[in-house]
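Just below is one structure, and these are the notes that go with it.
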Amino acid sequence: MTARGILLKIHLYLGLTAALFAILLGLTGSVIAFENDIPHWLHPDLFYVQPGPHVLPEQELVHIVEQSFAPAHPGSVQILRHANLARVVQLPGGVSVFVNQYNGAILGSVKGGFPSDRIIGYIYQIHLRLVPDPRSMPRLAAAGKTVVSFTGLLLCLLVPSGLILFWRTRRTTVKWSASWFRICFDLHHVVGLYSSLFLLLAAVTGVLIGFESGERAIFSLAGGERPAQLPPAQSSPVEGGAAVTIDKAVEIARAAIPYATVAGYSLPRKPKDALTVLMRVPEDTSETVHSGVAIDQYSGKVLQLRNFRTDSAGYYWVRFNRSLHTGDIWGAPSHILVALSSLLLAVMAVTGVVIWWRKLAA
């Protein structure tokens with residue numbers, strides 16, 4: 001057997017081993033690439049607003065919600081990245097209130113989240129662990145995560161071996177008028193060629209996420225470690241003292257991290273609780289916010305400061321790797337690329353199985 005024949009056999013058996021899981025990962029990955037956008041698309045009347053010349057003070061927006069939903073008091077407020085997305089105010093009992101930050105209009109409320117949130121959560125867990133609810137089947141979920149990680153590892157071998165095999169045929173177009181087998185054969189080559197870089201990137205970043213040793217390797221190469229979890233900051237109650245306004249706290253937080261944007265804030269519920277303002281620094285490319293300023297609700301003193309920019313280099317690259325995998329790195333354009341490459345992974349797996357089945361039947 002020639003060297004190419006051996007490589008072809010290796011590519012074939014690796015592909016057959018990974019095929020079913022690659023299809024699952026491709027289909028689920030194409031959905032969760034837009035996990036943060038899907039609720040906006042499904043409920044435009046709650047999320048989308050017409051930007052105005054000025055945003056109302058945060059204290060006024062919270063007061064409007066307090067008046068409308070008394071006696072409930074807001075616990076936190078989420079400030080979404082785009083100016084045309086409403087404020088999301090969280091109330092006790094899992095109630096989310098959507099407020100137009102430009103005119104104070106309450107757009108609606110939802111208790112317990114949207115039905116789509118649960119479905120997306122199931123899809124996310126299938127992508128990560130092959131089971132929709134890992135809490136109900138922890139052992140199967142642990143095994144599923146291992147399988148997913150090894151599928152990514154196999155993909156790291158399939159992409160380069162496929163490119164080597166492609167070099168002989170160099171098929172770059174699909175003959176749509178041919179038989180269905182020939183179409184599948186052409187698709188496997190053409191899609192594999194044009195999606196190879198994105199598939200390899202998804203595979204490598206997925207492996208680094210899936211295996212604990214991947215994160216350790218990043219910290220070993222880049223240095224540092226994951227930031228320690230800080231204990232909750234506490235305010236110093238002042239009898240008869242007035243609390244600082246939310247807008248004043250936001251101003252203090254902006255002064256503490258002047259190059260960051262405000263991503264939301266959590267309000268104190270008890271006299272000793274701090275008012276925490278969440279901040280997003282330019283280096284934080286993921287949807288999850290990793291910077292924040294805890295402020296004494298009476299004096300306005302900064303009690304704690306967490307700045308993603310000054311975290312370890314290793315932690316930055318861990319988060320950057322995850323942003324590459326999810327498509328958060330460039331926002332909507334990279335989400336589209338991730339979704340498309342995920343679908344193409346499913347196409348590659350299906351066409352590969354078809355080619356093997358046809359040759360087996362022959």
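The values are calculated or read from the model by the stated rules, or taken from the named source; none is laboratory data. Source: prediction; values computed, not measured. Methodologically, a virtual Cβ is constructed for each residue, glycine included, from the backbone with ideal geometry; neighbour enumeration extends over all protein chains shown.
Here TYR122 meets the list (1) buried (at least 17 other Cβ atoms within 10 Å of the Cβ); (2) out of contact with any His (no Cβ under 8 Å at 6 or more places or on another chain) almost entirely, failing just condition (1). Could you check how many residues of segment 152-174 are at pLDDT 95 or above and farther than 20 Å from LEU7 by Cβ? Residues meeting the conditions: 1.
Of the residues contained in segment 289-299, none is found to be touching a helix residue (DSSP H, G or I) at 6+ places or on another chain (Cβ under 9 Å) and surrounded by fewer than 18 Cβ atoms within 10 Å (Cβ to Cβ). Just one of (1) touching a strand residue (DSSP E or B) at 6+ places or on another chain (Cβ under 6 Å); (2) closer than 30 Å to THR146 by Cβ; (3) not polar (S, T, N, Q) fails for ALA228. It is (1).
None of LEU107, LEU85, LEU80 is within 15 Å of PRO44 (Cα to Cα) and out of contact with any Phe, Trp or Tyr (no Cβ under 6 Å at 6 or more places or on another chain) except LEU80.
Residues that are in contact with a His (Cβ under 7 Å, 6 or more places away or on another chain), of a type in the set (Phe, Trp, Tyr) and closer than 16 Å to LEU16 by Cβ within segment 146-180 are absent altogether. Any residue that is closer than 19 Å to GLY15 by Cα, free of Cβ contacts under 8 Å to residues at least 40 places away in the same chain and not assigned by TED's automatic domain parsing to the domain that holds LEU305 - is there at least one of those in segment 224-244? No: zero hits. Looking at PRO268, is it out of contact with any Phe, Trp or Tyr (no Cβ under 8 Å at 6 or more places or on another chain) and over 21 Å from ALA228 (Cα atoms)? Criteria met by PRO268.
Among all residues of segment 162-182, there is at least one that is in contact (Cβ under 8 Å) with a residue 40 or more places away in the chain and of a type in the set (A, V, I, L, M). Within segment 134-166, being surrounded by fewer than 19 Cβ atoms within 10 Å (Cβ to Cβ), of a type outside the set (A, V, I, L, M, F, W, C) and over 21 Å from the mean Cα position of the chain (by Cα) holds for SER136, PRO138, ARG139, PRO160, SER161. Scanning segment 337-362 for residues that are of a type in the set (A, V, I, L, M) and free of Cβ contacts under 8 Å to residues at least 24 places away in the same chain yields LEU360, ALA361, ALA362.
Within the set LEU221, LEU230, LEU208, LEU200, the sole residue that is of a type in the set (A, V, I, L, M), modelled with pLDDT of 95 or more, within 29 Å of the chain's Cα centre (by Cα) and surrounded by fewer than 13 Cβ atoms within 10 Å (Cβ to Cβ) turns out to be LEU221.
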